[in-house]
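Asker: Dumping the structure here so I can ask a few things about it.
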Amino acid sequence: MHSHAVSIPADAVTLVGDLVVPKDPCGLVLFAHGSGSGRLSPRNRFVAEQLQAGGLATLLFALLTETEDRQYRNRFDITLLADRLLAATRWTSTEPSVKELDIGYFGASTGAAAALYAAVAMPSTKAVVSRGGRPDLAMSALPHVTAATLLIVGGADDTVLALNRLAYEQLKGPRALEVIPDATHLFEEPGALDEVARLAAEWFRRYLGPAKS
């Protein structure tokens, strides 16, 4: 397992991130965090560790600089967040350790909407996983998403679950909606985040890497 800090150019700023590459990775997953979160989010780092254990490379990075994050509206600027995710995706094509790998996105909260917009702009993206996400904020993009998309929602996260069900109906490509019983928005209940990580790893391993016979 090789891990190192990286600097990603995006427009006029530089984004900081952590790239982890296991031996013989089967794909690369970029994380798009939600509002008020970041690359140090313990939930995203937990999921990333489980993906790494399953043979997937991961890139956790800050979509906003510290200065930008202090402007609350930036956290909900889905276009800006998607542009940053695209910049990071383009950067990975210059990184020797991962440039040949299939790309997937793992988005949480508003980051899920950014991931879906980015997947449309970057049709080579193979898979998207949303954890407690807001795919409804990317409603106009959903019919154009070709990446296999998995929506994971807590069964007790009533409003977000309803929004995910609406979004699910707009997706035209490979798709699935997984509801984790009794889990709330942050999946803090015992075993809930473990189930998120298991489902995400299975999804990415299914759709990234060599074509399955």
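The values are calculated or read from the model by the stated rules, or taken from the named source; none is laboratory data. Since this is a predicted model, take the numbers as computed values, not measurements. Using ideal geometry, Cβ is built from the backbone for each residue, glycine included, and neighbour counts are taken over all protein chains shown. Heads up: the accessible areas ignore ligands, DNA and RNA and are worked out on the full protein's heavy atoms, side chains in. Shrake-Rupley method; radii C 1.70, N 1.55, O 1.52, S 1.80 Å.
Asker: Within the stretch 136-174, track down each residue that is basic (Lys, Arg) and either free of Cβ contacts under 8 Å to residues at least 24 places away in the same chain or under 20 Å from Arg205 (Cα atoms) (or both).
Answerer: Arg165
Asker: Are there any pairs, at least 6 apart or on different chains, whose C-beta atoms fall under 6 Å, with the first in the stretch 44-60 and open to solvent by less than 20 Å² (accessible area, probe 1.4 Å) and the second of a type in the set (Ser, Thr, Tyr) and modelled with pLDDT of 95 or more, and if so, which?
Answerer: Ala48/Thr58; Leu51/Thr58
Asker: Count, please, the residues in the stretch 101-122 that happen to be at pLDDT below 95 and either within 15 Å of Val145 (Cβ to Cβ) or not hydrophobic (A, V, I, L, M, F, W, C) (or both).
Answerer: Number of matching residues: 3.
Asker: What is the one condition in (1) under 15 Å from the mean Cα position of the chain (by Cα); (2) more than 13 Å from Ala200 (Cβ to Cβ) that Pro22 does not satisfy?
Answerer: Here Pro22 clears every test but (1).
Asker: Check every one of the strands (runs of 3 or more DSSP E) wholly within the stretch 95-175 and list those with 1 or more residues that are open to solvent by 50 Å² or more (accessible area, probe 1.4 Å) and polar (S, T, N, Q).
Answerer: none
Asker: The conditions are (1) surrounded by 15 or more Cβ atoms within 10 Å (Cβ to Cβ); (2) free of Cβ contacts under 8 Å to residues at least 60 places away in the same chain, and Leu186 fails exactly one of them. Which is it?
Answerer: (2)
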